[in-house]
Amino acid sequence: MDQAVPPATPVDASPGAAPVAPPAAEVSASPSPPETTDATSEPGARTTGRRAPGGQAARLQLYAYLTARDYRRTYLAIMRLFSSTLLADLSAGEVAGALAPAERAGLIDEGEHRIDNVIVRLRQLVEWGNLVHGRREMVAASIAEFQHGSVRYQISKLALRVQREADALLQVPEGAREVSRELLPAIERGLDQLGSTLARTLLAETEDPSSRAARQGREELAEQVTTLFLQHAELADTVRDFYAYLGQMVARHQLEPADISGFRSVLVEYIQMVVEDVLRYTPGIADALAGLRQARSELLRLVGPARSWTEQWGDTVERGRGRTEADWRELTDWFVDGPGRPSQVTALREATTRAIGALLANVKRATTGSAGLPGRRSDLLRLASWFDGADQAGADTLYAAAFGLYPSRNLLPSPELDGDDEHTPWRDGPVIDVTVSVRSRGDRGARGRTSRVVFDPITEQTLLAQARTQAREQEDAVAELVAAAPRLTEVPLSPPALGVLCELLTLAMAQRERDGDPGSVRDPVRGLRLTVTPEADARTTITSTSGSLTLHGSTVSLCAEPAVRGGSHGAGGHR
């Protein structure tokens, strides 16, 4: 039978406690209340309420176990164990029992499943922020049993995401990723359906907000918004991965016949097909997004959380995509060009043009034999395949023969100081950079002539004087603009001051999404803020000694603000 400990009998659960315990103890393993920490706390620190545990440094430390110098396979096995099920709450003994089959299979080092080693690994993961202490009440017959069973561990939310992404990365092939072109018509249809559902839901809410039709409309809107943004995220990821692989192919210098055939296939078929599909469906998607722009606030209200949810959790909850204005702006920027901000579709078209030119140049160089001296990439790949199929003795002999470790032929001598120790395997040691001359010609001799470093004090002083003159002219132009800010349309400006004003005007107009939106830009170094406000039938003329600048349908407001480095204080404006 389980016996409860009398209130006057203390039980020390610390790791260094003396082995004295009652016959049976029902002890609560709940840790003490956590203390509040600031935004720069260590990953192992505990936080209360809704505050985030640590800043960027703490979050980046969650990746430490993936690149740990020692026991990396053990850390990875433990994290996979915790991420393999929901609400995993395990003790050190349970983790040790789960690691035993992995040790027998050779997945972790020998002796890593022992309870003492497991406790050390778990504490290290807690220090990195990957694991947190759990809560559970248990019945223990001894202090040792309490120590091994009462301290529970759970995986943190961010650590679960890190482990999930690491497992996905290990399973991804190194070849090209297929672009999900079929999602483009799905996105266009989804936007059209979303517009129809939004109109129907708004009509139902006008009649009766609590009606069944209104509730079903809100549910359909949430479903369609989530599906739309998941489709776009998948499309954007596949496009980025494919063009990243394409850039890797462009960087290749030496091409094999199989590579040339693959390049032709990529050039003639796939890239053209991807770009054509993107350009075909982009106008329809852009029109649908423009139609939803006016009713976007109502859409966000309908798919937003309940008021009780917002009051309780606030902005600390990671919401689904498509529930904020920033998500819709990002979706729009992917397909639609903005003033001074090209869309991703435009960037894709330009990247395709550059990639096709580079690939054609590589194919032409490989087929015409105009590449000069041949490279050694194919030889090095063949040598790597020999190493992969050789045993230990054969690999030693092959390494000595290939890299000339004997005094008679030594192309690449050993470094003066090794970057590792005797415990680091050869495959995990530092990589030695093979120079171009050794890789291409097998020769370590320097080619060409070293250019002379010419010191010209007269030219240096001339350039410094020009830089000081330009800096003074820039300061004078800014001071002139600050003085003319209250009467911007009345005071003639000098050409340098007009140039600074035109630069700020260009940046302010680039911030607008549409022609009817206001635009504002702040230059913290110069201490200036310029705002462009659209007004019908307005006309703003700014005169200068070199001409005049006239803006139709807009007004310009210029004011001075404190600069970062000794900026002038003051304010002025024009309407």
Out of contact with any Asp or Glu (no Cβ under 9 Å at 6 or more places or on another chain), more than 30 Å from ALA96 (Cβ to Cβ) and open to solvent by 30 Å² or more (accessible area, probe 1.4 Å): which single residue out of ALA233, ALA213 fits that description?
ALA233
Out of the residues in segment 143-174 that are farther than 21 Å from ASP89 by Cα and in a loop (DSSP other than H, G, I, E, B), which is modelled with the lowest pLDDT?
GLU174
Filter segment 493-509 down to the residues that are touching a residue at least 60 places away in the same chain (Cβ under 8 Å) and farther than 17 Å from ALA560 by Cα, then identify the one that is least open to solvent (accessible area, probe 1.4 Å).
MET509
Out of segment 506-520, which residues are of a type in the set (S, T, N, Q) and modelled with pLDDT under 85?
GLN511
So LEU66 clears everything in (1) surrounded by 18 or more Cβ atoms within 10 Å (Cβ to Cβ); (2) at pLDDT 90 or above; (3) touching a helix residue (DSSP H, G or I) at 6+ places or on another chain (Cβ under 7 Å) except one condition, right? Which one?
(1)
Restrict the check to segment 119-136 and report whether at least one residue is among the β-branched types (Val, Ile, Thr), closer than 17 Å to GLN163 by Cβ and not in a helix (DSSP H, G or I).
yes
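Sort through GLU416, GLU422 and tell me the only one that's assigned to a loop (DSSP other than H, G, I, E, B), acidic (Asp, Glu), at pLDDT 65 or above and open to solvent by 80 Å² or more (accessible area, probe 1.4 Å).
Every option except GLU422 fails the conditions.
If the requirement is being within 32 Å of the chain's Cα centre (by Cα) and either among the small types (Gly, Ala, Ser) or open to solvent by less than 40 Å² (accessible area, probe 1.4 Å) (or both), which of these qualifies: ARG522, ARG512, ARG529?
The unique qualifying residue is ARG512.
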I need a count of the residues in segment 474-485 that are crowded, with 16+ Cβ neighbours inside 10 Å and more than 41 Å from the chain's Cα centre (by Cα).
3
For segment 326-353, enumerate the residues that are under 24 Å from LEU246 (Cα atoms), surrounded by 14 or more Cβ atoms within 10 Å (Cβ to Cβ) and among the hydroxyl-bearing types (Ser, Thr, Tyr).
SER343, THR346, THR352
Among the residues of segment 83-108, which ones are open to solvent by less than 40 Å² (accessible area, probe 1.4 Å), within 19 Å of ASP167 (Cβ to Cβ) and assigned to a helix (DSSP H, G or I)?
SER83, VAL95, LEU99, ALA102
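Of the residues ARG218, ARG200, ARG177, which is farther than 30 Å from VAL126 by Cβ, at pLDDT below 95, in contact with a helix residue (DSSP H, G or I) (Cβ under 9 Å, 6 or more places away or on another chain) and not in a helix (DSSP H, G or I)? Show your work before the answer.
Details: ARG218 fails: not in a helix (DSSP H, G or I); ARG200 fails: not in a helix (DSSP H, G or I).
Selected residue: ARG177, the only one of ARG218, ARG200, ARG177 that is farther than 30 Å from VAL126 by Cβ, at pLDDT below 95, in contact with a helix residue (DSSP H, G or I) (Cβ under 9 Å, 6 or more places away or on another chain) and not in a helix (DSSP H, G or I).
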In this structure, does ALA485 turn out to be assigned to a helix (DSSP H, G or I), touching a strand residue (DSSP E or B) at 6+ places or on another chain (Cβ under 9 Å) and at negative phi?
yes
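The values are calculated or read from the model by the stated rules, or taken from the named source; none is laboratory data. As the structure is a prediction and not an experimental result, all values here were calculated from the model. Ideal geometry is used to build each Cβ from the backbone, glycine not excepted, and the neighbour counts take in all protein chains shown. Remember, those area values only see protein heavy atoms, side chains included, never the ligands or the DNA or RNA. Shrake-Rupley method; radii C 1.70, N 1.55, O 1.52, S 1.80 Å.
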